[in-house]
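First the structure, in the form of structure tokens, and then the observations on it.
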Amino acid sequence: MADPILSVQSLNTHFFADEGTIRAVDGVSFDLYAGRTLGIVGESGCGKSVTARSILRIVERPGRIVSGSIILRRSNNTIVDLTTLPTDGAQMRAIRGGEIGLVFQEPMSSLSAFHTIGNQLQEAVLLHDPIGKKAARTKAIDLLAMVGIPRPSQRVDSYSFELSGGLRQRVMIAMALAAEPHILIADEPTTALDVTTQAQILDLIRRIQQERNLAVMLITHDMGVIAETADDVVVMYLGKEVERGPVDSTFHAPKHPYTRALLRSIPSVLAEPRARLATITGSIPHPFARPAGCPFNPRCPERMAVCETTVPLQYDVGHNQATACHLYAA
Ligand SMILES: Nc1ncnc2c1ncn2[C@@H]1O[C@H](COP(=O)(O)OP(=O)(O)OP(=O)(O)O)[C@@H](O)[C@H]1O
Ligand code: SF4
Ligand SMILES: [Mg+2]
């Protein structure tokens, strides 16, 4: 495979609250490649969004990147470690939006109600490429057409509140791609949408990814979305990467008990269509009450004595899969 366009290595991002420290991201490593989609999956609070925010250097106080590196191969082919850049310096501002596009779950929080979508798109285009107002408006219309907005030359003058949720999410994707980034980070881009619209938006992301050879990082709590959209997957639990590998082999032979539990809870990817849907026993512990040893041990049906005392290492389990679980210790 070609070199990764973005490489996250042993990333730790913690929140330092008065009550204690939350290890929101606790030693996560993965690579993004042009033309491939990496899915990041896990239940609520597992550190998916903080991972994305760390890459974009928009982690809020009292959080900060404690250690690790985020190596970006820039458009001009230079290499930079994003963790070393000032969060609001010129380089990071150019990278955010310019080289890494971002789509959130809730488009209303990112689209202004006071400006037409055309003006906002134009601004996003001009911020990274001063081609002049007229050309930027033409590009805004092209972007709307690309994301499948009907009658784009008329819709360009609408306000976001005049659009349905699905159309708004399409506009968000157009905004994220306005500056032609090589990387797209989508954080739960379809969670707020109905099932039919969800499928359409995922199709759109897939199509644009192929057309533009984008490296996509897709965050979701839904294994079904991963199955349909991603090439590779990272499964997170309490800030840790518990399993990673190509989607095909990982879904065919999941190794970590948490990955297996997540898969059993998704109807669309069950091996036997009529098997009963399982739920994962117990709930995620409060971040201040993190268990010793393997973080999943209180919920794990395969727990052993060592699991309660020792944090498992990552073990290579073949087929480019790796898992952090004592069951696979040599
Ligand atoms: N601003 C903050 N201050 C303190 N703790 C935070 C902050 N943002 C996130 N956290 C903590 O970091 C951990 C990871 O949160 P994160 O938002 O990354 O989870 P997530 O996997 O994206 O969950 P969800 O599926 O609900 O979006 C959680 O324990 C959360 O409480
Ligand atoms: S290390 Fe132990 S508790 Fe953790 S997932 Fe593996 S078997 Fe379960
Ligand atoms: Mg999140």
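The values are calculated or read from the model by the stated rules, or taken from the named source; none is laboratory data. None of these values were measured; they are calculated from a predicted model. Neighbour counts are summed over all protein chains in view; Cβ atoms, including those assigned to glycine, are modelled from backbone coordinates with ideal geometry. The area values use the complete protein model at the heavy-atom level, side chains included, leaving out ligands, DNA and RNA. Shrake-Rupley method; radii C 1.70, N 1.55, O 1.52, S 1.80 Å.
Against the definition (at pLDDT 95 or above, surrounded by fewer than 19 Cβ atoms within 10 Å (Cβ to Cβ) and small (Gly, Ala, Ser)), how does GLY224 come out, yes or no? So that I can check it myself, show each step before the final result.
On the way: at pLDDT 95 or above: no; surrounded by fewer than 19 Cβ atoms within 10 Å (Cβ to Cβ): yes; small (Gly, Ala, Ser): yes.
Judged against the criteria, GLY224 is not a match.
Could you check how many residues of the range 1-30 are open to solvent by 50 Å² or more (accessible area, probe 1.4 Å) and more than 21 Å from HIS221 (Cβ to Cβ)?
Going through the range 1-30, the residues open to solvent by 50 Å² or more (accessible area, probe 1.4 Å) turn out to be 1-3, 9-10, 16, 18-19, 21, 23.
Then drop every residue that is not more than 21 Å from HIS221 (Cβ to Cβ), which leaves 1-3, 9-10, 16, 18-19, 21.
So the answer is 9.
Of the residues that sit in the range 44-56 and are open to solvent by less than 40 Å² (accessible area, probe 1.4 Å) and more than 16 Å from ligand 2 (Cβ to nearest atom), which one is nearest to PRO295 (Cα to Cα)?
Here is the first cut: in the range 44-56, the residues open to solvent by less than 40 Å² (accessible area, probe 1.4 Å) are 46-48, 50-52, 54-56.
From what is left, the residues that are more than 16 Å from ligand 2 (Cβ to nearest atom) are 47-48, 50-52, 54-56.
Numbers: GLY47: 13, LYS48: 16, VAL50: 18, THR51: 18, ALA52: 21, SER54: 22, ILE55: 24, LEU56: 27 Å.
Among those residues, the one meeting the criterion is GLY47.
For the range 44-64, how many residues are more than 6 Å from ligand 1 (Cβ to nearest atom), free of Cβ contacts under 8 Å to residues at least 60 places away in the same chain and outside any loop (DSSP other than H, G, I, E, B)?
Of the residues in the range 44-64, the ones more than 6 Å from ligand 1 (Cβ to nearest atom) are 51-59, 61-62, 64.
Restricting the remaining residues to those that are free of Cβ contacts under 8 Å to residues at least 60 places away in the same chain gives 53-54, 57-59, 61-62, 64.
Still in the list and also outside any loop (DSSP other than H, G, I, E, B): 53-54, 64.
Number of matching residues: 3.
Residue by residue through the range 153-175, note down the ones that are farther than 19 Å from LEU193 by Cβ and open to solvent by 30 Å² or more (accessible area, probe 1.4 Å).
Matches in the range 153-175: SER153, GLN154, ASP157, TYR159.
Could you check the range 85-109 and list, in sequence order, the residues that are open to solvent by 20 Å² or more (accessible area, probe 1.4 Å) and within 16 Å of ligand 3 (Cβ to nearest atom)?
Hits for the range 85-109 are LEU102, PHE104, GLN105, GLU106, SER109.
Take the residues of the range 131-177 that are assigned to a loop (DSSP other than H, G, I, E, B) and touching a residue at least 60 places away in the same chain (Cβ under 8 Å): which is nearest to the chain's Cα centre (by Cα)?
Of the residues in the range 131-177, the ones assigned to a loop (DSSP other than H, G, I, E, B) are 131-132, 147-151, 156-158, 163-164, 177.
Still in the list and also touching a residue at least 60 places away in the same chain (Cβ under 8 Å): 147, 177.
On the way: VAL147: 20, LEU177: 16 Å.
Here the residue is LEU177.
Inside the range 190-227, can you point out the residues that are within 15 Å of GLY148 (Cβ to Cβ) and of a type in the set (A, V, I, L, M, F, W, C)?
Matches in the range 190-227: LEU193, ALA199, ILE201, LEU202, LEU204, ILE205, ILE208.
Cβ-Cβ distance below 7 Å, separation of 6 or more or different chains: which pairs start in the range 228-242 with a residue that is within 12 Å of ligand 1 (Cβ to nearest atom) and end on one that is of a type in the set (Asp, Glu)?
VAL234/GLU241; VAL235/GLU243; GLY239/ASP26; LYS240/ASP26
Tell me whether the range 258-270 contains one or more residues that are at pLDDT 95 or above and surrounded by fewer than 17 Cβ atoms within 10 Å (Cβ to Cβ).
Among the residues of the range 258-270, not one is at pLDDT 95 or above and surrounded by fewer than 17 Cβ atoms within 10 Å (Cβ to Cβ), which makes the answer no.
Just a yes or no: is a residue in the range 288-310 among the hydroxyl-bearing types (Ser, Thr, Tyr) and at pLDDT below 95?
Within the range 288-310, none of the residues are among the hydroxyl-bearing types (Ser, Thr, Tyr) and at pLDDT below 95.
Restricting to the range 26-43, name every residue that is within 16 Å of ligand 1 (Cβ to nearest atom) and part of a strand (DSSP E or B).
Within the range 26-43, the subset within 16 Å of ligand 1 (Cβ to nearest atom) is 26-28, 30, 38-43.
ASP26, GLY27, VAL28, PHE30, LEU38, GLY39, ILE40, VAL41, listed by residue number.
For (1) within 29 Å of GLY165 (Cβ to Cβ); (2) crowded, with 19+ Cβ neighbours inside 10 Å; (3) within 16 Å of ligand 2 (Cβ to nearest atom), each residue gets a yes or a no:
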{"site": "GLY42", "(1), (2), (3)": "yes, yes, yes"}
{"site": "ILE58", "(1), (2), (3)": "yes, no, no"}
{"site": "SER67", "(1), (2), (3)": "no, no, no"}
{"site": "ASN76", "(1), (2), (3)": "no, no, no"}
{"site": "THR83", "(1), (2), (3)": "no, yes, no"}
